[in-house]
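Below is one structure, written out as structure tokens, with a few remarks after it.
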Amino acid sequence: MRSKIIFAALVALGILSMATSATSGAGVSPVRQWAIVRFSRTTDVSGALLNAGEYLIVHDAERMARGDACTTFYSFGESGNGAQEEAVSFHCIPREREVAGRTRLTLTPVPGDTYGCTYGWGWTMDKLTEYQFAADSEGHGVPDRTPALASAEGSAEAGHEHR
């Protein structure tokens, strides 16, 4: 009788340890990752000018593997009650990085376009060049497109999706 109890305990322990190692996910990125970020001023994200505010970033590894646009930014709109509208979608450029402790945005200040105004004024905006999710070792480079070149035809050829 005692040997049956010990055997059952060892079998249960073996099953439990296999289940734990199968679900730990060590070194494996999830299929979909997301983060909510806030831009403090107008930001160029792959040719799309996003106004200051909160955005939901979603990255889909399955779409990336198929060569489709894998990153989508959703705006929260005026109500702020959840992501409401797709702002921009593109195929990212994967880059190996150290594991990030928090979601990181790599922003570069760039001059804003004054649309030919010759008066002595100007403004500055940010350009997103890369993002990285917390606890992930992969950075996601943002394709470099200027807003003036981000027409529906030109950006579709370069990996943008317009809806």
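Structure notes:
- Here ALA69 passes the criteria (1) in contact with a His (Cβ under 7 Å, 6 or more places away or on another chain); (2) loosely packed, with under 13 Cβ neighbours inside 10 Å except the one numbered (2).
- Cβ-Cβ distances below 9 Å connect the following pairs, each with a first residue in segment 94-107 that is in a loop (DSSP other than H, G, I, E, B), a second residue that is surrounded by 16 or more Cβ atoms within 10 Å (Cβ to Cβ) and among the hydrophobic types (A, V, I, L, M, F, W, C), and a separation of six or more residues or different chains: ALA100/PHE133; THR103/ALA35; THR103/VAL37; THR103/ILE57; THR103/PHE133.
- Test: residue in segment 116-135 that is out of contact with any His (no Cβ under 9 Å at 6 or more places or on another chain), aromatic (Phe, Trp, Tyr), modelled with pLDDT under 70 and at positive phi: no
- Per the conditions (1) assigned to a strand (DSSP E or B); (2) at pLDDT below 95, the sole criterion not satisfied by ALA148 is (1).
- Selection from segment 35-50 of residues that are in a strand (DSSP E or B) and more than 13 Å from MET125 (Cβ to Cβ): ALA35, ILE36, VAL37, ARG38
- GLY159 falls short on exactly one of the conditions (1) modelled with pLDDT of 85 or more; (2) touching a strand residue (DSSP E or B) at 6+ places or on another chain (Cβ under 6 Å), and that condition is (1).
The values are calculated or read from the model by the stated rules, or taken from the named source; none is laboratory data. What you see is a predicted model, and the numbers here were worked out from it, not measured in a lab. When we count neighbours, we look across all protein chains shown, and the Cβ atoms used for this are built from the backbone with ideal geometry, even at glycine.
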